[in-house]
Amino acid sequence: QKTIHLADYQPFTHLLDGVELTFRLAPSATRVVARLAFRPNPARPGRHPLRLDGEGLKLLSCQLDGQPITPKTDKRSLTILAKDLPQGPFTLETEVEIAPDANTALEGLYMSNGMYCTQCEAEGFRKITYYPDRPDVMARFKVRIESDLPVLLSNGNPVAKGKGWAEWDDPWPKPAYLFALVAGDLKARSGTFRTFSGRKVALNVWVRPGDEDRCAYALDSLIRSMKWEEEVYGREYDLDVFNIVAVDDFNMGAMENKGLNIFNSRYVLASPETATDEDYARIEAIIAHEYFHNWTGNRITCRDWFQLCLKEGLTVFRDHQFSGDMRSAAVRRIEDVVALRARQFREDAGPLAHPVRPESFVEINNFYTATVYEKGAEVIGMLKTLVGDAAYKRALDLYFDRHDGDAATIEDWLKVFEDATGRDLSQFKLWYSEAGTPRLKVQDDWTDGVYTLTFAQENPATPGQPTKQPKVIPINVGLLNPNGDEVVPTIMLEMTRESQSFRFEGLAARPIPSILRGFSAPVILDRAVAPSERAFLLAHDTDPFNRWEAGRALAKDVMVDMVTKGAEVSADWLDGVAAVVFDESLDPAFRALCLRLPAEDDMAQTIHAAKRVPDPGRIHAARREMLGALSVRLGERLQRLYDNLDDGAPFSPDAGQAGRRALRIAALGLLTRRDGGKMASLAFARAKSMTESIGALSALLDIRQGAAEVAAFATRWVGDRNVMDKWYSLLISHAEPAEAAPLTVRLTGRDDFDWRNPNRFRSVIGALAGNHAGFHHRSGAGYRLVADWLIRLDPLNPQTAARVSTAFETWPRYDAARRRRAKAELERILTTPTLSPDLREMVERMLA
Ligand code: B3K
Ligand code: ZN
């Protein structure tokens, strides 16, 4: 398969004035009739053939302006030669046959539990019919669906329906990747929304019969998203209906098809008994994300797939803003940064590193990455910090105004900011073109009453990019005096050179700096800080992010010293955490975050970044020792904390209650280390919510107890796919290093291990990959097992196989023996006959 380059972009040869699709649904022989009204594109002067994408289609007939023709077809396309095409507009009608029930890749039109559904982004529409399957070809779609199933849905507004058919009309021109069709025996939970201009919108969340009582939170999140989008971005919804459909077999989280969002059921269905607080927060965020795409993605789409971050980075940024407004902004920011480091910094430090806007790819599905999404969002956050809130708003208004209906580029995006602010953003643009996480070295100096902060940025080499230029880095800084009072409130230092100093005058004493407040740039801060100074910031910083960060940095320092020098758990850290955890004036959710230790993979990343070789077994042991020491240090007060946090109120998924539950469960985890599991067993038996059940189970599994509870959980939930996914991943992620792979083997032997279902595959194989010490166990059993399963899944579902293969992206970090084993598994994958281009591209990049 060949590599596609950004530099080769050309507009399509033809424009598409209208699309009419008719679907005659049948599981193994669905007929699709497509009437496409083309005309030559003036942007491509001269006469050109018409080449349409198409894969796995059986062409039954083809007519040009009503006359039967026999076009040239191959495995990937249908072509009509220039000489056979009229010079002006023409209509092409094709009829193809496809087999949704044989579609295991879950891309194009496929079936899930007897229901038809589609996934077209990025290039799935070409598996439905012959079409110019590229985002810059936008057209109005009319769709007719014929089927006996009771619910027949597509994009846009419903126009007519009868027995066995329904017709839809989408007035908004759109690229094919936003097409969707759903047909099934579905039930809806419905509501309405009135937009600010008075349009009444019917809202439906469609699910399988029996799941109706688990849709309320998704519907409520949708309504809040619609309102927020009007209030904060001034954008309203533009159709009469908004449908959301939950499906069990789905390759990712959800999809923003125009007016018909399709969701992985795990991000829709929620009830207190089945969903954790984390699930609720994620449902809220993903519902918002997909809804926000209606403007950032659908009304303004991407010119080509290299511009993916144009819609994804911006939409993630917006969903983060939304979640921050719905919940605690500080807590959300901390969680977002934890996720950024865990996924994006990890990616950026390894063989899969790529720019936010990549310049080439083989399989675009491999570029729906943490870099495009999360770093893409951080880049927008920096832009907002640099220009200020008012200018950000002006720029966004201009963006919507100028580009509504366009397929736009990053250049267009930056130009609106330049026009709205008069700034030159050419240096800023490096954030889009250069990969790698900058390292920011910081030194400070106090001489003659002048305090100086000196920063030096290092931009590491990444695959294909050996040298880099200095970036624009907004560094939010505040200064505290030794009493803990803020003497300089947050200001933004704009760094543009490789090395730069900033002076502060008029201070009475040497201040304690709080640097990179709110994590104002996605960089690694490199500054030697005494534990006492970190503890000071953990106690006093007025910036909640940096307050948490001080504790986190302290914990990391402690863990690194334990792993590399055999040091003891430090008292500074224990005392600092104790002070925060028992501080009743602080938000319980924040205190819970301060109790959470860095993940083992995060520690390996930190050790690797310090140019040392991480030892997964020792990291695992050190982390455990720290938890043990914390449990002893926090002592009896933990019990009181635990008891007091239960106010007996009826369950609510709101952030306040969720925060109290999180702190209570963290306390339980520590208490369990001392009581042999008595309290956790009791907590499990009395749990009123899934959050509490999982919390109690985790605490038990951490001390290798809980066999009875594990069995009881499985008996109770055996018929519930989404809940059983949690059970599988909980067991595997808590397994001891040497037991993780053998346990996974045992669990894959269960009848309900349906590995063709992506959620189940990720909950089992993905969970093994996420058990750091287990996956990287020196036996190599983790590597082998994951590779075996990737090889098995790949022929059926290349997209999910390629995604899970990122488990291996960190292999170059480890010692020679582990590297040899991991590399051998990657090489074994490469020797598999008929490997998909998806998985091949990933493995080749990881081995390069
Ligand atoms: N745009 C989709 C992701 C499509 C992934 C294709 N492999 C969901 C989202 O980002 O909202
Ligand atoms: Zn998105």
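Summary of values
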quantity	calculated
Relative intensity, log₁₀ I(q)/I(0), of segment 638-761 from a Debye sum that treats every alpha carbon as a point, q = 0.11 Å⁻¹	-0.41
DSSP-assigned coil residues among GluC sites (Glu not before Pro) in segment 73-138, each with at most 10 further Cβ atoms within 10 Å	none
Overall Cα dimensions of the chain, principal axis frame, Å, largest first	84, 64, 59
Reference-scaled alpha-carbon Rg (2.2 N^0.38 Å with N residues) for segment 301-433	1.05
Nearest-0.05 FRET efficiency for T3 and T104, computed from C-beta distance (R0 35 Å)	0.85
Calculated [θ] (222 nm, deg cm²/dmol) that DSSP helices of n ≥ 4 give over the chain, each run adding -39,500 (n - 2.57)	-12000 deg cm²/dmol
Listed residue (H608, S514, W168) projecting farthest to the positive dipole end of the chain, Cβ model	H608
Reachable lysines, given that their alpha-carbon falls under 19 Å from the alpha-carbon of K187 and they are not under 8 places away in the same chain	K161, K163
Shape metrics for segment 614-689, restricted to C-alpha atoms - Rg then Dmax, Å	14.4, 45
Globularity ratio of segment 489-571, using Cα Rg and 2.2 N^0.38 Å	1.24
Calculated FRET efficiency for the pair F582/R820, C-beta based, R₀ 51 Å, to 0.05	0.60
For segment 81-236, average projected area of the Cα convex hull in nm²	12.3 nm²
3J(HN,Hα) from dihedral phi, segment 768-782, Karplus parametrisation 6.51/-1.76/1.60, rounded to Hz, x for glycine, proline	5, 4, x, 8, 4, 6, x, 4, 8, 4, 4, 4, x, 5, x
Gain upon complete extension [N481, Q10; 0.36 nm per residue less C-alpha separation]	163.7 nm
Protection proxy ranking of 591-598, 187-194 - average other beta-carbon atoms within 10 Å, highest first	591-598, 187-194
Distance in nm between pseudo-label sites at A509 and A339 (7 Å out along the Cβ direction from Cα)	4.1 nm
The chain: relative contact order in percent, alpha carbon pairs under 8 Å with at least 6 residues between	8 percent
Dipole magnitude of segment 1-183, debye to nearest 20 (Cβ charges: Lys/Arg +1, Asp/Glu -1, about Cα centre)	340 debye
Contact order relative to length of segment 439-527, as percent, for alpha carbon pairs under 8 angstrom and 6 or more apart	37 percent
Chain lengthening between D240 and R402 when straightened (0.36 nm per residue, less Cα-Cα)	55.9 nm
Difference of contour (0.36 nm per residue) and Cα-Cα distance, D74 to A530	157.6 nm
Rounded to the nearest 20 debye, dipole of segment 716-782 from Cβ charges on Lys, Arg, Asp, Glu	100 debye
Segment 1-183: radius of gyration over Cα atoms, expressed as a fraction of 2.2 N^0.38 Å	1.01
Cα-Cα pairs of segment 733-834 separated by more than 18 Å (percent)	43 percent
Listed residue (Y451, N476, V487) projecting farthest to the positive dipole end of segment 439-527, Cβ model	N476
Distance between modelled label sites at D389 and A848, nm, 7 Å Cα→Cβ extension	4.2 nm
Rounded FRET efficiency, nearest 0.05, which uses the C-beta distance separating A685 from A649 and R0 of 22 Å	0.65
Rg/Rh ratio calculated on Cα atoms of segment 534-681 (Kirkwood radius)	0.98
Charged-residue dipole, Cβ positions (Lys, Arg, Asp, Glu), segment 439-527 about Cα centre, Debye nearest 20	360 debye
Cα→Cβ-extended label distance, 7 Å offset, between Q469 and A738, nm	5.5 nm
Descending semi-axes in whole angstrom, ellipsoid equivalent of segment 439-527, from the Cα gyration tensor	27, 13, 10
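None of the figures in this text is laboratory data; all of them are computed from the coordinates on show. Computed from a predicted structure; not experimentally measured. Because the Cβ atoms are built from the backbone with ideal geometry, glycine has one as well, and the counts that use them run over all protein chains shown.
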